[in-house]
Each structure stands twice: as C-alpha cells, then as structure tokens.
Amino acid sequence: MKNVYLDNASTTKIRKEVIQEMTTILADDYGNPSSTHSLGRNAKSILELSRKSIAKQLKCTSQEIIFTSCGTESNNWILHSAVKDLKVRRIITSKIEHHAVLHVVQALQNEYNIQVDYVSIKPNGEIDFNDLVELLSQEIKTLVSLMHVNNEIGTVLDLYKVGRICKQHNALFHSDTVQSVGKTEINLQEIPIDFIVASAHKFHGPKGVGFAFVRRKSGLRPLFYGGEQEKGLRPGTEGVHQIAGMAMALELSYANLESDRKHISNLKSYLINQLELTFPEYKINGNEDGFYTVLNVMLPFSEDKTAMILFHLDMKGIAVSRGSACQSGSISPSHVLDEILSKEDSIKPSLRISFSHYNTKDDIDILIECLKNLA
Ligand code: PLP
C-alpha cells in the first residue's frame, strides 16, 4: 500500500539534505556556542551563518532574527511582551487565527484586562478591511495580529495593505506567517510590519525549532530569563543542529520555490478538476483563489460520514486532515469553519488537503478513488 501524505499544513517531510547536515553537526560540531574555545567558536559560527542565511531570504538584517523553539513560542513571546513591556492596551485579531494566537490573546485579556477586538471575516475567509480601519480609528495603543496564510482554508492576507493601514493608525503589526515562510516571497524591507514568526517543520526542516523576526528597536523583552543567548531575548543553549537544519531547509525552499509552486499549483488544479468530475456538488471552503498549498472542501456526503471519513482514509494509507492539526480526528467542528460556514454546513464532512512538492498526480488519483468508495 502506497502512503499518500496530503497533510503538509500540519507538518512536512524533512529533506534528506537537511538530515545529512544536522547529523554531521550533531556528531562533529558539539561545542556550546557560548564557549570561547574553538569548538564553541565553531558552533557559534554555524549559528551566525544560519541567521545570516535566513535574514537574506527574508530581506531583513541578521540582528532581527531571533531563534526560538517553534511558531507557538514565537507568537506567545511577541504578544506577551507587546502587552507587558510595550504597553499595548488593545489587540485586534480575527476569530480564524491559529490557537497559537487566539488562545494567547484570550489569556492576555484575562490576565491584563486588555481590550480585544475581532475584525469581521467575510464568508470567503478574507478580512473586512473597512471594519479594520473602523476599529483602528479608536485611539488606544494597539497591536494588530492577523495571520498571513490561514492554515485551514488557505486565505491569504495582503501584508502590505494591512501594514500600511497599521502605520497610518500608529498600530503595531504582527503576523503569524507560519504557513507562508518558505512558500512565498516575503520582503521585510518593503512590508511595513513589526513582527513575523516561522516554524521549520512547515518547510521541510526539523521540528522543535523556529524563529521570530523582530524589527530593530522594538523594545521587546524576554518571555523568560537565563543566559545571554539571543542577546538575552531568548535564553537557553541554542540547538545548533536544529537551527542549521532550519536555515538549510529555508534556503532550499526558496531555491526551488518557482518550480515547486508550479508543480503544487498544477496538482491543486488537478484535484479541483477531479472533484468537479466526481462530486459535482462539492464546495470549496474559503476563497477559491486560496494559497496554492491548501484546499479545504465540503463533500456532498451524509453527515454521519463526518466522523468516519478520516479513519477510512487512514486505513487506506491516506493522511489528510479535518481542520487544524490539533483537531485531526476529532469530530468537534473547526473554529475556522464554524466562523465562515452556516451551522448546518459546519457539521458536514469537510477535508483539508494540503500539498508539498513531494506529492504526485498519483496521490490525487488514490485519494479520489478512495473517496468514491466512501460516498
Ligand atoms: N501558526 C500556524 C498558522 C500554524 O499552522 C501552526 C502549526 O500548526 C502554528 C502556528 C504552530 O506552530 P508550531 O507547531 O511551530 O508551534
């Protein structure tokens, strides 16, 4: 049985070159980057070259890249410190953010009694810009936190546009870019944005490592205290092999971006075509022109199939997802679909199919064949 992995928004397969690089560093470059002897200096040099390489891909300075353990940590750090240290009194976000933002904002609201406003979402999953401008007209120290690419439905936010609106209203702008870093060009020299975050396992790098971009002179302070690593902003001995693996994965993602994007976009079009032919009544959840790596569809199956569908696909070796990763296999409706669909539709069987360059047409044919048997 061929394994078909179509759950790349949850995590991606690590590249062989990245494993090779990480294994070599684990075996040979085991110095502590804070040590002054040659092994330490060597580790430090790997760290700084990695930082430089990441900064180059995103067109920012090396000093603006801070290594963390994941996207969740980066979001927590930025949002916490914005409230605690930058004295943000209000956060504007949306109800379709990942829980790594939504739950943090809710915790901050409880702990610091800040104001939280949720910008309206249109039925296609896009934000309502008029509502954002209207919310920003209130004069109160504000941070806007809106994700770049939605992990469940693939809607894309115009970072330039939101950045300009935030600048005009003197608001800070943070974006959870976990789904877009490595999959689309991000030019931090041009985008008026204060903070973005990334996670290596979403772009064929290792799990347990990520980074935050923090614009110069941000005034952020650490989430916790210890040594002087990452200029004291993120203490703890750095996972040198993880960081080097992440930098290499990002470099390879951007080196292959054009051809991978073309390949994946073709696969997505092929899947849409096959769905139209096989299940003419299927619907796309969110925007039809969503990000090329994700497709979220509602299948014209009876509701009692909702709970079993992932299980049946799994039995055939097919990995897809329903909503975000933490909800895979659960039958509670996704908070994102809940927000954009009617009550009736949100309990119907929906699937999130997410691609990588490793996928082939064959994978799509196997998925469609299996779905046909379930209908
Ligand atoms: N933000 C988004 C949009 C995500 O898709 C994810 C992962 O599912 C995260 C944050 C969390 O990232 P990490 O797994 O690195 O904590």
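Descriptive notes on the structure:
- Any hit, region 204-222, residues being assigned by TED's automatic domain parsing to the domain that holds T142, of a type in the set (S, T, Y) and free of Cβ contacts under 8 Å to residues at least 12 places away in the same chain: no
- Evaluation of N187 against (1) in contact with a Lys or Arg (Cβ under 9 Å, 6 or more places away or on another chain); (2) buried (at least 24 other Cβ atoms within 10 Å of the Cβ) (one fails), failing number: (2)
- Being over 21 Å from the mean Cα position of the chain (by Cα), open to solvent by 40 Å² or more (accessible area, probe 1.4 Å) and assigned by TED's automatic domain parsing to the domain that holds S120 holds for only one residue in H241, H312, and it is H241.
- Of the listed requirements (1) open to solvent by less than 20 Å² (accessible area, probe 1.4 Å); (2) more than 11 Å from the ligand (Cβ to nearest atom); (3) within 21 Å of D117 (Cα to Cα); (4) under 13 Å from the mean Cα position of the chain (by Cα), T177 misses just one: (2).
- Take the conditions (1) open to solvent by 30 Å² or more (accessible area, probe 1.4 Å); (2) touching a Phe, Trp or Tyr at 6+ places or on another chain (Cβ under 7 Å); F211 misses just one of them, which is (1).
- If you go through region 77-87 and keep only what is open to solvent by less than 40 Å² (accessible area, probe 1.4 Å) and part of a helix (DSSP H, G or I), you end up with W77, I78, L79, S81, A82, V83.
- Residue list for region 126-156, restricted to those being under 19 Å from F355 (Cα atoms) and surrounded by fewer than 19 Cβ atoms within 10 Å (Cβ to Cβ): none
- Filter result for I66 (open to solvent by less than 60 Å² (accessible area, probe 1.4 Å), part of a strand (DSSP E or B) and within 23 Å of Y225 (Cα to Cα)): yes
- Contacts under 9 angstrom Cβ, first residue in region 253-266 being open to solvent by 60 Å² or more (accessible area, probe 1.4 Å), partner part of a helix (DSSP H, G or I), 6 or more apart: N266/K361
- Filter pass, V101 being surrounded by 23 or more Cβ atoms within 10 Å (Cβ to Cβ) and touching a residue at least 40 places away in the same chain (Cβ under 8 Å): yes
- Unmet criterion (only one of (1) buried (at least 19 other Cβ atoms within 10 Å of the Cβ); (2) within 16 Å of the ligand (Cβ to nearest atom); (3) without any contact (Cβ under 8 Å) to a residue 40 or more places away in the chain) for V119: (2)
- Against the test of being among the small types (G, A, S), more than 20 Å from the chain's Cα centre (by Cα), within 24 Å of S199 (Cβ to Cβ) and in a helix (DSSP H, G or I), the options A107, A100 yield a single qualifying residue, A107.
- Of the residues screened, Q106 is one that is open to solvent by 20 Å² or more (accessible area, probe 1.4 Å), within 16 Å of the ligand (Cβ to nearest atom), touching a strand residue (DSSP E or B) at 6+ places or on another chain (Cβ under 8 Å) and not basic (K, R).
- Residues being touching a residue at least 12 places away in the same chain (Cβ under 8 Å) and either within 16 Å of the ligand (Cβ to nearest atom) or open to solvent by less than 20 Å² (accessible area, probe 1.4 Å) (or both) - total across region 23-50: 6
The values are calculated or read from the model by the stated rules, or taken from the named source; none is laboratory data. Being a predicted model, the structure only gives us computed values, none of them experimental. FYI the Cβ positions are ideal-geometry reconstructions off the backbone, even for glycines, and counts take in every protein chain you see. We work out accessible area using only protein heavy atoms, side chains counted, and drop any ligands, DNA or RNA first. Shrake-Rupley method; radii C 1.70, N 1.55, O 1.52, S 1.80 Å.
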